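First up is the structure itself, then whatever we jot down about it.
The values are calculated or read from the model by the stated rules, or taken from the named source; none is laboratory data. What you are looking at is a predicted structure, and each value in this text was computed from that prediction instead of being measured. Cβ atoms come from the backbone with ideal geometry, glycine included; neighbour counts cover every protein chain shown. The accessibility values were calculated without ligands, DNA or RNA, using every heavy atom of the protein model including side chains. Shrake-Rupley method; radii C 1.70, N 1.55, O 1.52, S 1.80 Å.
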Amino acid sequence: MTPRVQKPETLVKKEKVDEKTAQVQAEYAKAKAALDEEKKAIISERTAKYYEEYEEAARVLEKAKSDAAASGSYFVEAEPNLVLVVRIKGINKIAPKPRKVLQLLRLLQINAAVFVRITKATAELLRLVEPYVAYGYPSLETVRELIYKRGYGKLNKQRVPLTDNDIIEKVLGQYGVISIEDLIHEIYTVGPNFKQANNFLYPFRLSNPDGGWGVRRKFFHYIQGGATGNREEHINSLVKKMN
């Protein structure tokens, strides 16, 4: 009868460690799966709530317009507090002051775009750089398409695409922003954590407009037949051609 060979003590210890490690990993994977499911449910519930909020706001606005028309009066919408700013002119012949403002707005290259909350101070900054930018009031669709298609975030000082909600949660989770729909909502509604959410987003890198600018004098003001300055809601059609 062949004598039984006893396993080396080091091998026995290693097998026990491996077994313990596998058990811990299995327990971790199970807990993470449960947490992921819970998080998915929270995100889904929040997203549904946001859509209800957007639809209700649209209904209220439409009713206000209808009521005003029925009474023969005019309905004046509240002044928007969010603009999308697109740089359309390069660095040549730019005075130091507007050049500095463009840097403050993070508009460092042509076709870069950023969201800006309108305050008395930012409105003044926009007036200073009006000859070099096009801006206006982005729709929900524009905000969503920009973030989904061109959205990049700042993670560990790196520019990373927003391919996973975990990327957003790592940076903005402390502010209750854990998904891309949370981020869209915070930007579009100019929420209490707009500054943190907007700073997380890198400036969008847009393309030249599909089919060109459609104007003969690009660097004239929009109301003069050019492309610069405030184009209000018409910024959405421009960005659609650039996205």
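Couple of notes before you dig in:
- Restricting the range 159-228 to trypsin sites (Lys or Arg not before Pro) that sit in a DSSP loop and have at most 15 other Cβ atoms within 10 Å of their own Cβ leaves 216, 217, 218.
- Springs between Cα atoms under 10 Å define the GNM used for the chain, and in it the highest mean-square fluctuation of 191, 212, 229 occurs at 212.
- Amide H contacts of residue 155 (H built 1.01 Å from N, under 5 Å, at least 5 apart or other chain): 160
- Surface analysis of the chain yields an accessible area of 65 Å² per residue, using protein heavy atoms and a 1.4 Å probe.
- For the chain, built as a Gaussian network whose Cα springs stay under 10 Å, the top-fluctuating residue of 189, 47, 21: 21
- GNM result for the chain, Cα springs below 10 Å: residue of 120, 97, 49 fluctuating most strongly: 120
- Bridging of residue 157 to aspartates and glutamates at a Cα separation below 20 Å is possible for 166, 169, once same-chain residues fewer than 8 apart are set aside.
- Options [x] 21.5; [y] 18.2; [z] 19.1 - which one matches Kirkwood radius over Cα pairs in Å as calculated here: [x]
- Averaging Cα coordinates gives a centre for the range 86-104 and one for the range 122-190; these two points are 22 Å apart.
- Whole-percent carbon and sulfur share, accessible surface of the chain, 1.4 Å: 54 percent
- Here the range 126-243 yields Rg over Rh of 1.02, to two decimals, using C-alpha coordinates and the Kirkwood radius.
- Cβ-derived FRET efficiency at R0 35 Å, residue 60 paired with residue 205, nearest 0.05: 0.50
- Charge dipole (Cα centre; +1 on Lys/Arg Cβ, -1 on Asp/Glu Cβ; no other charges) of the chain amounts to roughly 1580 debye.
- Helical mean residue ellipticity (222 nm; -39500 (n - 2.57) per DSSP H run of 4+; nearest 500) of the chain: -17000 deg cm²/dmol
- Estimated FRET transfer efficiency (residue 174, residue 92; beta-carbon r; R0 30 Å; 0.05): 0.10
- Taking 20 Å as the cut-off, the amide N atoms of the range 106-123 that come nearer than this to a point 7 Å along the Cα-to-beta-carbon line of residue 79 belong to 115-123.
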